[in-house]
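The values are calculated or read from the model by the stated rules, or taken from the named source; none is laboratory data. This structure is a prediction, so every number in the text was calculated from the model and none was measured. Glycine also receives a Cβ, built like all others from the backbone with ideal geometry; neighbour counts cover every protein chain displayed.
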Amino acid sequence: MSRIYNFSAGPAMLPEEVLKQAASEMTDWRGSGMSVMEMSHRGKEYISIAKKAEADLREIMEIPDNYKVLFLQGGASSQFAMIPMNLLRGRNTADYINTGQWSKKAIAEAKRFCNVNIAATSEAGNFTTITPRSEWKLNPDAAYVHYTPNETIGGVESSTILSRPVDVSKFGLIYAGAQKNIGPAGLTIVIIREELIGEPLPGTPMMFTYKTHAENESMYNTPPTYAWYIAGLVFEWIKNRGGLDAMAKINERKVDKLYAAIDKSGFYKNPVDVNYRSWMNVPFTLRNSELDTKFLEEAKAAGLVALKGHRSVGGMRASIYNAMPEEGVNKLIAFMEGFQKKNG
């Protein structure tokens, strides 16, 4: 069976080269006589895997030396609590920018620990745009500002990490679930400036303090070893393809042609403000929603799967992360054009 084009928002498709390498090493990692899944995370073999993964991530993202890189469990959702637990640092207010469903979840969790100032929200526009920075009402006494560039549901700029270069030094903390551009589900990356580590709220469990994980090189407990290993292979794959500058050019080319096909069609529509459209998650609706089921069934038969939009917004959603090859986007566009000719 040939591989299909998987447009899922996450867990998302992984680079085929990475899957093939992992398959070749499944039962015997480089002469060790065992699978990575069987290794002790304290053993020299696995330590070498972990250290290389961190070094490669630091290289491709140009992470400054005064930042710690943590490989954690709990998903990005666990960070909704860990951030106020660790970053309030004696203050009782935090600023949040509400850009969609994931922002709302982060806000709800933060309210358990502090006063939340909604400095800006685009909810009135159904999260199809982002409030201009000039209109944010930031609190000068806030401990931090939380912004979510990962609104995969609504389709505003999302899942930015590893899709293009980002200046890490502009942020105190960056966090991301792996299951988009990094690797399989089960791993969460946290990149945190060292000065922000060490003053958690009183009573914070050891497992929820960044200090615990930083001091133990993300191995205070057994980490998600296999997900960490696969992430390392993805980092190496990105390096071999020319790094994040090269990924940005490919991703921009892929998404530009998909939006162009949607905008010119008169049959499909993307609701997001053009200035804030995501490169990675492209929602779209059909002019006649009664054709949705037919579209999905025929797309699946053509090898294009997981295109159904999130239940809260309906329609379709094509997630085109790094691992989605350009030919997959080309095939989707060709299918959409053919479907329109038959049903428009």
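Residues of region 291-333 being at pLDDT 95 or above and among the small types (Gly, Ala, Ser), which ones?
Of everything in region 291-333, those that are at pLDDT 95 or above and among the small types (Gly, Ala, Ser) turn out to be Ala299, Ala301, Ala302, Gly303, Ala306, Ala318, Ser319, Ala323, Gly328.
Could you list, in sequence order, all residues of region 130-153 that are in contact with a helix residue (DSSP H, G or I) (Cβ under 7 Å, 6 or more places away or on another chain) and either of a type in the set (Val, Ile, Thr) or in a loop (DSSP other than H, G, I, E, B) (or both)?
Scanning region 130-153 gives Ile130, Ala143, Tyr144, Thr148, Asn150, Glu151, Ile153.
Kindly establish whether Ile118 is of a type in the set (A, V, I, L, M, F, W, C), modelled with pLDDT of 95 or more, in contact with a strand residue (DSSP E or B) (Cβ under 7 Å, 6 or more places away or on another chain) and surrounded by fewer than 16 Cβ atoms within 10 Å (Cβ to Cβ).
Criteria met by Ile118.
Here is a yes/no grid of residues against (1) under 24 Å from Val282 (Cα atoms); (2) out of contact with any Lys or Arg (no Cβ under 7 Å at 6 or more places or on another chain); (3) modelled with pLDDT under 95:
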residue: Glu151; (1), (2), (3): yes, yes, yes
residue: Ser159; (1), (2), (3): yes, no, yes
residue: Leu162; (1), (2), (3): yes, yes, no
residue: Pro184; (1), (2), (3): yes, yes, no
residue: Met206; (1), (2), (3): no, yes, no
residue: Ile230; (1), (2), (3): no, yes, no
residue: Ala246; (1), (2), (3): yes, yes, no
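Just one of Ala110, Ala55 is within 22 Å of the chain's Cα centre (by Cα), surrounded by 15 or more Cβ atoms within 10 Å (Cβ to Cβ) and aliphatic (A, V, I, L, M); which is it?
Just a single option satisfies the conditions, and that option is Ala110.
Within region 43-81, how many residues are over 27 Å from Gln101 (Cα atoms) and part of a strand (DSSP E or B)?
So the answer is 2.
Do any residues in region 275-289 that are closer than 16 Å to Ala12 by Cα and assigned by TED's automatic domain parsing to the domain that holds Tyr321 have Cβ atoms under 8 Å from those of residues that are buried (at least 24 other Cβ atoms within 10 Å of the Cβ) and of a type in the set (Phe, Trp, Tyr), where the two are at least six apart or on different chains, and which pairs are they?
Pairs that qualify, where the first residue is closer than 16 Å to Ala12 by Cα and assigned by TED's automatic domain parsing to the domain that holds Tyr321 and the partner is buried (at least 24 other Cβ atoms within 10 Å of the Cβ) and of a type in the set (Phe, Trp, Tyr), are Met280/Tyr321.
Determine which single condition Gly232 fails, assuming it passes every other condition in (1) within 16 Å of Leu14 (Cβ to Cβ); (2) in a loop (DSSP other than H, G, I, E, B); (3) among the small types (Gly, Ala, Ser).
Condition not satisfied by Gly232: (2).
When you go through Pro149, Pro184 one by one, which is the residue that is over 25 Å from Arg89 (Cβ atoms), crowded, with 18+ Cβ neighbours inside 10 Å and not charged (D, E, K, R)?
Unique residue meeting the criteria: Pro184.
One line per residue, one yes/no per condition, for (1) touching a Gly at 6+ places or on another chain (Cβ under 6 Å); (2) farther than 30 Å from Ala124 by Cα; (3) part of a helix (DSSP H, G or I); (4) of a type in the set (Asp, Glu):
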{"site": "Lys249", "(1), (2), (3), (4)": "no, yes, yes, no"}
{"site": "Val272", "(1), (2), (3), (4)": "yes, no, no, no"}
{"site": "Asn275", "(1), (2), (3), (4)": "no, no, yes, no"}
{"site": "Arg311", "(1), (2), (3), (4)": "no, no, no, no"}
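So which residues in region 154-165 are assigned to a loop (DSSP other than H, G, I, E, B) and touching a Pro at 6+ places or on another chain (Cβ under 9 Å), if there are any at all?
Gly154, Gly155, Glu157, Ser158, Ser159, Thr160, Ile161 - these are the residues of region 154-165 that are assigned to a loop (DSSP other than H, G, I, E, B) and touching a Pro at 6+ places or on another chain (Cβ under 9 Å).
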